[in-house]
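> Could you have a look at this structure, given as structure tokens, before my questions?
FYI, it's all coordinate maths here, none of it is from the lab. Nothing here was measured: the structure is a model prediction, and the numbers come from that model. Cβ sites come from the backbone with ideal geometry, for glycine too, and all protein chains shown count toward neighbours.
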Amino acid sequence: MSHLRIVIHNQNLLVLRNYTRLYLRVRAAKNWLLNDLYVDETYRKQGIGEALIKAAMDFARSDGSTYVKLETAYNNYTAQKLYEAIGFKRQGLNNDYFTYHIEVVSNKADN
């Protein structure tokens, strides 16, 4: 597995992103697991989390990946609302965490 970590620092803002590349055994397709997302409380509700998730999706797409996967606590309603607004689909509950998944490949044929 390979890892990508992006740290963005702007005054007191620190956002840490940690991704792990996954491979599906059946198809050997590349996929990314978003392990961590944090935006300092001072900077929340400004679109930073959404922008970072979309940047992660763009990175996964450019890497040739099929999907991005993440987990969030069953009671983290703010995160769930954000992920679902972006288009992530809830896959199920596992040990007090919901798993979410979004495809990042286009089904359109290349021109």
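> Excluding residues fewer than 8 places away in the same chain, name every one of the aspartates and glutamates whose C-alpha is closer than 13 Å to that of K54.
E84, E103
> Moving on. So for each of 89-96, 69-76, 37-44, 53-60 I average, over its residues, the number of other beta carbons within 10 Å; can you give me the resulting order with the highest mean first? Before the final figure, lay out each step's value.
Numbers: 89-96: 10.2, 69-76: 15.8, 37-44: 13.4, 53-60: 17.8.
So the peptides 89-96, 69-76, 37-44, 53-60, ranked by packing, come out 53-60, 69-76, 37-44, 89-96.
> May I ask for the net charge around G87, where only other residues with Cβ less than 12 Å from the Cβ of G87 are counted and Lys, Arg are +1 while Asp, Glu are -1?
Numbers: positive: K54, K89, R90; negative: E50, E84, E103.
With Lys, Arg at +1 and Asp, Glu at -1, the neighbours total 0.
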